[in-house]
Amino acid sequence: MKRLTALLLLSLPLAAAEPPPFKDRARAIIDTYAHPKTGDSGYATIASRLWLREDSAWCSRRLEELLAAPSGDMFWMFPMTAVMYLDRGQLSDSARLKLRQAWKTYMPYRGDTENHWLLYYTSLYLAAQMWPDRGGDEWYTGKSSEENLEEARQWIESWVRLTTTRGQGEYDSPHYMGVYLIPMSYLAAWAKDPAMKKRATMMLDYLIADYAPENLDGIFVGAQSRVYDKQLLEKWANVATDFGWLWFGIGRPNTPFNSYPLYYALASAYEPPEILRRIATDRSQPYTHYERKRTRNRWRFNDERNGPVYKTTYVRREYAVSSDQGGVLQPIQQHSWDVTWSVPDARGVQNILFALNPHSSVRELQTYFVFGPDAAVEGVVRSKKMYDSPDKFSGGSPYEKIVQDRDTLIALYDVEKGARFPHINAFFSKDLNEVREDASGWIFARGGEALIAFRPLQPYVWKPIEGGGRRLFSPYRKNGVVMQVAATSEFADLDAFRRAILALPLKVSLEPKPTVRFQSLRGSLIEFTYGETPKVGGIAIDYANWPLFGGPFLEAAVDSEQLLIKHGIMRRKLDFRNLTVKDATSN
Amino acid sequence: MRFFLWLAAATLPLAGQHTLYTCTAMTREYVVGAKLLPSGIFSHVETGKWKHEGYNHPFVFGLDYDPKDPSTIYIAAGNGLIRASEHGQHWKILTGSDVTELRDVALDPNAPGAIYFAHCAGIRYSPDSGATWREIGGSLHRKFTEAIRVDRRRAGVLLAGNEEGIFRTEDGGAHWKLAGASGFQIMHMEQSPHDPCHWLAVTEQGGVFASRDCGVSFESSGGAIGVGHNLYDIAFDPSKTGRIAVAGWGIGVAVSSDGGKSWQLRNVGLPRPDAWSVAFDPDHPGRLYASIQEEALYISDDAGANWKIAGLAGSQIPRMKFIPAAKPK
């Protein structure tokens, strides 16, 4: 009966005014994986059926097949861990023995990113907890259960501390957010140590709070550390969208659901508190939200291993404008700025506009990876096919500097001579309307209810994009973009918006360094020279005092290990030093 | 742990003989997310036959053995420093979450139990066979360290190659001095088996650097070999003084017969001039091995004049080492 209910839920138009309750949404995801229509029935199906207490004989048989030849790393470990904890007496002795043996005979690679390590150590922690008092000869590590548990505990705690003091290294990834949520969901559900359980539950609040103010109808907006090429342009198609739907019933989930929300739902299935739901859905007033994150580990060419990332995100019902400060903050998949506009149904819609200097270099890769120089680019391109393409739309550039004030953004470029791709690409979506190239040099367009003024600082040509849309191509090393966005409700039409923009003082020079002086639509004078600290209203931006979180909904100071979540009169304070959560209402 | 038993005693090399071990990643046609191909430590059983030792691990970059007990090897791996003891019956990761992606490992023959490894954020030292560790690269400006070697003449004398050159310490890492190749990323270093005061180092873009004063100072050597290219490995021929080989990208294999003063490319018969590592066989004079990018391991019985495939098709082998047979206990 429950299965039927879930299927009915899925078949309902998801745009229906009232989404199903949280538990039914979680159940719908689990049902999808328990009964896949096509494709391989792997660990996800086993785990889902164990959760549902269905077909344990099949689960045992299939598990033994899969464990005959384990392959994979931490992305193998975490499904295994779910199966272990969802067994609850259902698996055959033989299957359970194979599970145990896998931790002895197979050495998964720990990986080289923060999410890899969190998955690895969370899985090892829970495995060591499940099989205590085993000697080193019972584990692939050669260490005892106690040693494995302690090593994993220390690293997980160090990650929590680092995240709540300096921010995440793989910040705000609409894809990889899932593999931070899964470990915390696991620990919240299955850790026996009350402190670890509580810490993980608090981190779920923390991670969901990190997403809530930066979403538009479930779409994770903004500058992001890692995003894939297709999902960069079609933002709806990200994992984040499924989490938005699961947590808050907003947006439209992918079909089928991504598997990351599945593992989240199989473990704690933590339902966010009401205050986070309000933050995620309240777009009644425009706001600016600030975050400080950090770069991934920079092994070479830098004195500081994790540099700061300064994010600004302006959000209103109709659109969001977001940016980091520019530069190579992440390898390969960084996305530094854009305007994303809201649409009633984002499926298949490319509701985004941005520009970048496409940058590809061995130095970038060697900064963040331990690759030797010669096979590095080739190795990356095998899985990230656009990395070395001049046409690409993702990746940071050392030649890009950005400033943002509310919905005004200036990006400047000064590309070094000899750079592999000395040009600017801008993405103009197939879903933009009323695109007009004005004699003034501005390009005007409308995306949903967002009016966009986009001013390239150098001449350009248009190039087609496979799949629709156009690429603005500007082959000048000293270059830039000024972008001003407004809501359709603020102007009678695009012409009125155009007139308002043309009335704004704009002064541009490109030598010796690209420089822009612009009076924004919101009244701010923005002065920005490439490589210098930008000024807004005559005051230099104070990067030194940039908060870990700042804005109407979240407050956290760097190094605080605390987060204050706010909405209206509601307050929730997370204190990781004392592992306390305090809820309050205040006027 | 029969699962991990290496060769039975009957197939072990005789005392005085050596076995070639390779740090191998099978990467041809591999993409992230695909099924992992067998990778890790391979030992050469006989011509063309290899044995995958112990666990699958896609990231192993260096190895060394315990000079007092060659049946114990130490592996610089992505997951940490791994000890494989008693002919591989027991494996243990000796390090924790504080280090990752190790680059090189060296044991001190004059200090039993002393292990050093280079990692992507420094250099670690253990005085007690890996029971405890401490960082000894803290005083170096840049931390990424690709190479670590121990001077076999005296305990505690080390050479480290990082992204800023070659550094030398005489006190186990308490103090380091720049020894040469300033500004170049060092890829590997070796001490001559014939003259302990002769050292060679290979670099990214800077070619070969040599020391004739026991590693105190290094100077550019060998003319243009490797300049503008990346050299990944260097090997002295233990059976012939003055014969040295280097491996590099765009260089392939180059061999010197005069101690590194001049070099000849030895790529005839190799499928491409992109080599990761080289090693001379101490038991067969003139026998040279070379790892060619994602092609195979190649063998030459005439110091590189002619080559044939020795196995491990599709591999990258960043390092290989001949390890002497363990004495029966």
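Okay, here's what the table says:
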| read-out | value |
| --- | --- |
| Residue in region A:253-261 that is closer than 19 Å to A:Val343 by Cα, surrounded by fewer than 21 Cβ atoms within 10 Å (Cβ to Cβ) and assigned by TED's automatic domain parsing to the domain that holds A:Ile29 present | yes |
| Out of A:Tyr314, A:Tyr211, A:Tyr310, A:Tyr260, sole residue that is in contact (Cβ under 8 Å) with a residue 40 or more places away in the chain and either within 14 Å of chain B (Cβ to nearest Cβ) or more than 16 Å from the chain's Cα centre (by Cα) (or both) | A:Tyr314 |
| Of all residues making up region B:111-131, the number that are assigned to a loop (DSSP other than H, G, I, E, B) and away from chain A (no Cβ under 14 Å) | 6 |
| Selected residue (criterion: farthest from B:Glu164 (Cα to Cα)) from residues of region B:220-255 that are under 17 Å from the mean Cα position of the chain (by Cα) and in a loop (DSSP other than H, G, I, E, B) | B:Pro238 |
| Any hit, region A:41-54, residues being modelled with pLDDT under 95 and of a type in the set (A, V, I, L, M) | no |
| Spans of helices (runs of 4 or more DSSP H) in region A:65-135 with at least 3 residues within 31 Å of the chain's Cα centre (by Cα) and buried (at least 22 other Cβ atoms within 10 Å of the Cβ) | A:74-86, A:114-130 |
| Residues of region A:119-137 satisfying the condition of being within 11 Å of chain B (Cβ to nearest Cβ) and touching a Phe, Trp or Tyr at 6+ places or on another chain (Cβ under 7 Å) | A:Tyr121 |
| Residue in region B:278-291 that is within 14 Å of chain A (Cβ to nearest Cβ) and under 29 Å from B:Gly180 (Cα atoms) present | yes |
| Complete set of residues in region A:373-417 that are within 26 Å of B:Asn162 (Cβ to Cβ) and either more than 14 Å from chain B (Cβ to nearest Cβ) or surrounded by 22 or more Cβ atoms within 10 Å (Cβ to Cβ) (or both) | A:Gly396, A:Pro398, A:Glu416 |
| B:Phe144 within 16 Å of the chain's Cα centre (by Cα) and either farther than 21 Å from A:Gln366 by Cβ or within 14 Å of chain A (Cβ to nearest Cβ) (or both) | no |
| Candidate set: region A:54-64, residues that are under 17 Å from A:Asp40 (Cβ atoms) and surrounded by fewer than 18 Cβ atoms within 10 Å (Cβ to Cβ); chosen: the one farthest from the other protein chains (Cβ to nearest Cβ) | A:Asp55 |
| Subset of region B:173-225 (residues that are away from chain A (no Cβ under 14 Å) and β-branched (Val, Ile, Thr)) | B:Val208, B:Val216, B:Ile225 |
| Selection status of B:Leu102, part of a loop (DSSP other than H, G, I, E, B), under 16 Å from B:Gln316 (Cβ atoms), within 14 Å of chain A (Cβ to nearest Cβ) and among the aliphatic types (A, V, I, L, M) | no |
| B:Lys35 vs. criteria modelled with pLDDT of 90 or more and surrounded by fewer than 12 Cβ atoms within 10 Å (Cβ to Cβ) | no |
| Residue ID - farthest from A:Val435 (Cα to Cα), chosen from residues in region A:490-530 that are of a type in the set (A, V, I, L, M, F, W, C) and over 35 Å from the mean Cα position of the chain (by Cα) | A:Ala503 |
| Per-region count, region A:218-252, residues closer than 21 Å to A:Glu291 by Cβ and not basic (Lys, Arg) | 20 |
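Residues checked against (1) surrounded by 22 or more Cβ atoms within 10 Å (Cβ to Cβ); (2) in a strand (DSSP E or B); (3) in the same structural domain as A:Ser520 (by TED's automatic domain parsing); (4) without any contact (Cβ under 8 Å) to a residue 40 or more places away in the chain:
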{"residue": "A:Gly441", "(1), (2), (3), (4)": "no, no, yes, yes"}
{"residue": "A:Ile452", "(1), (2), (3), (4)": "yes, yes, yes, no"}
{"residue": "A:Gln458", "(1), (2), (3), (4)": "no, no, yes, no"}
{"residue": "A:Glu466", "(1), (2), (3), (4)": "no, no, yes, yes"}
{"residue": "A:Phe473", "(1), (2), (3), (4)": "no, yes, yes, no"}
{"residue": "A:Met483", "(1), (2), (3), (4)": "yes, yes, yes, no"}
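Here is a yes/no grid of residues against (1) β-branched (Val, Ile, Thr); (2) touching a residue at least 40 places away in the same chain (Cβ under 8 Å); (3) under 15 Å from A:Arg226 (Cα atoms):
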position	(1), (2), (3)
A:Asn297	no, yes, yes
A:Asn302	no, yes, no
A:Tyr319	no, yes, no
A:Asp324	no, yes, yes
A:Leu329	no, yes, yes
A:Gly348	no, yes, no
A:Ser360	no, yes, no
A:Arg363	no, yes, no
A:Ala376	no, no, no
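The values are calculated or read from the model by the stated rules, or taken from the named source; none is laboratory data. If you're wondering where the values come from, they're calculated on a predicted model, not measured in any experiment. We place every Cβ from the backbone using ideal geometry, glycine too, and count neighbours over all the protein chains shown.
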